[in-house]
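What follows draws every value from the coordinates through simple rules; no lab data is involved. In this text the structure is predicted, and so the values were computed from the model without any measurement. Backbone-built Cβ (ideal geometry, glycine too); neighbour counts: all protein chains shown.
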Amino acid sequence: MSKITSIEQQKNNEYRFNIFLNNKFAFGLDASICYKYKLETEMELDEYFIEAILKAEEKDKASNYAMYLLAKKDRTKKEITIKLKDKGFDDEIIHSVMDKLEEYNYINDEAYCEKYINDKTKFSKYGVNKIKLKLYAKGVDKEIISKEIVKIDNDLELENALVLAQKKLSSIKESDKYKIKAKLSNHLMTKGFSYDTIRKVFSQLEL
């Protein structure tokens with residue numbers, strides 16, 4: 001058994017406390033953990049209780065870091081998981097934190113997918129194929145992507161492709177029609193547009 005001989009508020013953070021066991025510094029804890037476990041001087045702790053406290057502290061750190069990341073921008077479950085792993089949190093802690101984030105709807109891959117598609121079609125003018133690849137890379141489930149991707153308006157898809165094609169066309173110095181079409185085609189494919197959409201663009205541009 002170890003006895004808490006002192007609980008001292010940290011100088012640089014009023015919300016954290018240094019815990020001394022048997023007159024020696026043992027670990028630092030967030031104030032919420034101290035209150036949750038009702039820690040006080042002269043309290044005796046066994047190794048299992050200490051382990052539970054430290055695990056709660058790690059979970060709290062992981063949760064705070066995840067919330068910090070989400071406050072900066074929306075992220076998928078996979079992206080947050082990778083960030084937490086990179087920070088050194090173990091799988092048990094990560095799973096626990098992710099479950100809570102999903103429970104309170106701080107992470108929702110379906111909502112993320114819908115917003116991402118809306119942003120990338122309206123503002124970035126990505127084609128369907130590029131949006132799919134980006135979402136796959138972000139770890140969004142294929143079923144979610146398939147469900148949301150079909151909502152993209154075909155007219156908006158074509159309009160975006162036309163805007164990009166016209167912009168690219170103005171910078172192409174070639175006079176040969178086939179070379180122009182090849183450069184436009186490559187450009188639009190890198191933006192994620194299908195051959196069918198590209199064919200419609202050529203038709204409207206009379207190429």
Fraction of the pair-distance distribution of segment 1-96 above 21 Å, Cα-Cα pairs, percent: 41 percent
Kirkwood-based Rg to Rh ratio, the chain, C-alpha trace: 1.27
Residues of type aspartates and glutamates that LYS120 reaches as a straight line, Cα spacing below 17 Å, ignoring anything fewer than 8 places off in the same chain: ASP74, ASP109, GLU110, GLU148, ASP153, ASP155, GLU157, GLU159
Unit Cα scatterers, Debye sum, segment 148-190: log10 I(q)/I(0) for q = 0.26 Å⁻¹: -0.90
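Say the cut-off is 22 Å between C-alpha atoms; which of LYS130/LYS168; LYS115/LYS200; LYS78/LYS122; LYS61/LYS83; LYS138/LYS191; LYS73/LYS122 go over it?
Numbers: LYS130/LYS168 18 Å; LYS115/LYS200 27 Å; LYS78/LYS122 25 Å; LYS61/LYS83 13 Å; LYS138/LYS191 18 Å; LYS73/LYS122 18 Å.
The pairs that break the limit, which is 22 Å between Cα atoms, are LYS115/LYS200; LYS78/LYS122.
So what's segment 88-207 giving for Cα Rg divided by 2.2 N^0.38 Å, two decimals? Walk me through the numbers before you get to the answer.
Working: Rg = 18.8 Å, N = 120, 2.2 N^0.38 = 13.6 Å.
Taking the Cα Rg and dividing by 2.2 N^0.38 Å, one obtains 1.38.
Taking loop as defined by DSSP and a crowding limit of 15 other beta carbons within 10 Å, which GluC sites (Glu not before Pro) in segment 1-86 fit?
Values: sites: GLU8, GLU14, GLU40, GLU42, GLU44, GLU47, GLU51, GLU57, GLU58, GLU79; in loops: GLU40, GLU42.
Of the GluC sites (Glu not before Pro), the ones in loops of segment 1-86 whose Cβ has at most 15 other Cβ atoms within 10 Å are GLU40, GLU42.
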Kirkwood Rh (inverse of mean 1/r, distinct Cα pairs), segment 102-160, angstrom: 11.7 Å
Given charges at Cβ of Lys, Arg, Asp, Glu: segment 4-80 dipole, positive-most of PHE27, ILE7, ASN64: ASN64
